[in-house]
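Right, one structure below, let's go through it.
The values are calculated or read from the model by the stated rules, or taken from the named source; none is laboratory data. Everything numeric in this text was worked out from a predicted model, so none of it was measured. Glycine gets a Cβ as well: all are built from the backbone with ideal geometry, and neighbour counts include every protein chain shown. We work out accessible area using only protein heavy atoms, side chains counted, and drop any ligands, DNA or RNA first. Shrake-Rupley method; radii C 1.70, N 1.55, O 1.52, S 1.80 Å.
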Amino acid sequence: MSRTGRIQGLRDLSVEARRTAVAEAAGVDPGAVAAFDPAHGLGTVQADHMIENVTGILGVPLGVATNFVVNGAGVLVPMATEEASVVAAASNAAKIARAHGGFTTSSTEPIMQAQIQIVGVADPEAGRVRLLEARDELIALANAQDPKLVEFGGGVRDLAVRIVPSRAGTYVVAHLQVDVRDAMGANAVNTMAEAVAARAAEIAGGTSLLRILTNKADLRLSRARAVFDAGALGGAEVVDNIIHAAALAESDPYRAATHNKGIMNGISAVVLATGNDTRAVEAGAHSHAVSPAGRYTSLSRFEKDLDGNVAATLELPMPVGLVGGATKVHPVAQAAITLLGVRAAAELAEIITAVGLAQNFAAVRALATEGIQRGHMSLHARNIATTAGATAEEVPAVVARLVADKRVHADHAERVLADLRATRTRS
Ligand SMILES: CC(C)(COP(=O)([O-])OP(=O)([O-])OC[C@H]1O[C@@H](n2cnc3c(N)ncnc32)[C@H](O)[C@@H]1OP(=O)([O-])[O-])[C@@H](O)C(=O)NCCC(=O)NCCSC(=O)C[C@@](C)(O)CC(=O)[O-]
Ligand SMILES: NC(=O)C1=CN([C@@H]2O[C@H](COP(=O)(O)OP(=O)(O)OC[C@H]3O[C@@H](n4cnc5c(N)ncnc54)[C@H](OP(=O)(O)O)[C@@H]3O)[C@@H](O)[C@H]2O)C=CC1
């Protein structure tokens, strides 16, 4: 079956029928996504092996974004999020991007770095040079900790040494730069850092202290770009307003934080759905949002291309894996990875980056045109109706009234629900 990433009318199906439809459209056996059904998802026995003091399991809705074309191939994207309109918005922007071929992505090699902090070095400059002279010895020692990773084509690629002055002293900080292949890599590089720290400290002439991965994963970047057609967006004025919106985010940290939150709406949802470490990706993203001059700015860039369309790009660290962490043990994560059809961590990282860009574009487009409330609140209205006490049967009618009245508020929902019930009782 050809994978187009499109499923007409997915929103109108029942939850069960959507599961069948996404499996069919992705060309996978429906059994491969059976874990999306909570009855077959994460069990308490598995959960008890994942973290400590397990007392239950938190359910988070898992939606599937449609319309994505990434490097010419259609893909259906599982997204775990509690926020209404996120999945719809990603699908919406991905649909607009299709006219110009969807998303084109690329990545650096999957290099993660571990830091070894060395304190009490009398001659830090000379200590740095001594460590660089011992580069081959330290790399060999680190690689010996993970022969399996080396066998898979990974392992330490280089050693960098920085001198970091601080209020408590000057530190020599050695960085092991490790190609972690299909792993997120934290455990792998932390093991290496702990193993070489004593020898590194001896060579530098100090004492080792911290030995830990840095989440500023700036050697493991993923990029996505897409063109959004001016005509489909509503013309030149809309394009200009989208560019103004992006320009404010570039220049103003107050706007940049929200703009980047929009990007993370998409990114964190796919990272969570695939059992990856949301905090690691978020820490990497926000550290990357600081410009070389030390200013917090937006992660994406929107420009007007020669034809007057929006050329959108996003580049950020994307430390996600297909082995290790929860990716292998969580049945829903496994189903999500099967649905995506990814075979390498870099492919997953690039799809996630494309989703981040789509999510960002959808929000900025809404903000630069009609505002966020119409699209977002009409979907959020379902939560408000439920909070007001509407049953599953009553929710559609209550939502329709809230949206028609343009008053998506809890008190109004309570009144609407009371009216609805009174009318039913009378008839
Ligand atoms: C909400 C939409 C998509 C409506 O947009 P619309 O134009 O009314 O949608 P439509 O009904 O014409 O459908 C267009 C496509 O959107 C998707 N779509 C549309 N509705 C659904 C739905 N119910 N269920 C599933 N998919 C839906 C779907 O893919 C559909 O095409 P199809 O594939 O069907 O041919 C639009 O208004 C939008 O993109 N809004 C942005 C919403 C958003 O960004 N939400 C995130 C939460 S707000 C926030 O946290 C971030 C923010 C905003 O602060 C970030 C920032 O400031 O930058
Ligand atoms: N600051 C942070 O972000 C921190 C995060 N963490 C956590 O660390 C976990 C991720 O660590 P990670 O190192 O990825 O997990 P694992 O140690 O579980 O997995 C990595 C290991 O898998 C083995 N492996 C098998 N196949 C491959 C392959 N194709 N490519 C690469 N490695 C392969 C390797 O060797 P082998 O089998 O010999 O192990 C490798 O060392 C996450 O749970 C994260 O939350 C932990 C500490 C800090």
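So is residue 400 of a type in the set (A, V, I, L, M, F, W, C), outside the structural domain of residue 243 (by TED's automatic domain parsing) and assigned to a helix (DSSP H, G or I) or not?
The answer is yes for residue 400.
Quick one: in region 69-91, of everything that is more than 7 Å from ligand 1 (Cβ to nearest atom) and closer than 13 Å to residue 266 by Cα, which residue is modelled with the lowest pLDDT?
84
Quick one: which helices (runs of 4 or more DSSP H) sit completely within region 314-391 and have at least 1 residues that are within 16 Å of ligand 1 (Cβ to nearest atom) and of a type in the set (Lys, Arg)?
The qualifying helices (runs of 4 or more DSSP H) are 345-368, 373-387.
Please go through region 337-365 and give me each residue that is among the aliphatic types (A, V, I, L, M) and either within 16 Å of ligand 2 (Cβ to nearest atom) or open to solvent by 20 Å² or more (accessible area, probe 1.4 Å) (or both), ordered by number.
337, 342, 344, 345, 346, 348, 349, 352, 363
Only residues in region 195-220 that are part of a loop (DSSP other than H, G, I, E, B) count as the first member; pair them with residues that are within 16 Å of ligand 1 (Cβ to nearest atom) and not aromatic (Phe, Trp, Tyr), Cβ under 9 angstrom, at least 6 apart or cross-chain, and list the lot.
Final answer for the pair search is 215/282.
Taking region 165-194 only, how many residues are over 16 Å from residue 219 (Cβ atoms) and touching a residue at least 12 places away in the same chain (Cβ under 8 Å)?
Residues in region 165-194 being over 16 Å from residue 219 (Cβ atoms) and touching a residue at least 12 places away in the same chain (Cβ under 8 Å): 9 in total.
Within region 157-166, is there a residue that is crowded, with 23+ Cβ neighbours inside 10 Å and either within 16 Å of ligand 1 (Cβ to nearest atom) or closer than 23 Å to residue 215 by Cβ (or both)?
So far as region 157-166 goes, no, none of its residues is crowded, with 23+ Cβ neighbours inside 10 Å and either within 16 Å of ligand 1 (Cβ to nearest atom) or closer than 23 Å to residue 215 by Cβ (or both).
Tell me the residue from 3, 18 that is surrounded by 14 or more Cβ atoms within 10 Å (Cβ to Cβ), assigned by TED's automatic domain parsing to the domain that holds residue 102, within 16 Å of ligand 1 (Cβ to nearest atom) and not aliphatic (A, V, I, L, M), please.
Going through 3, 18 in turn, the sole match is 18.
Can you tell which of 224, 197 is open to solvent by less than 10 Å² (accessible area, probe 1.4 Å), within 16 Å of ligand 2 (Cβ to nearest atom) and of a type in the set (A, V, I, L, M)?
Residue meeting the stated conditions: 197.
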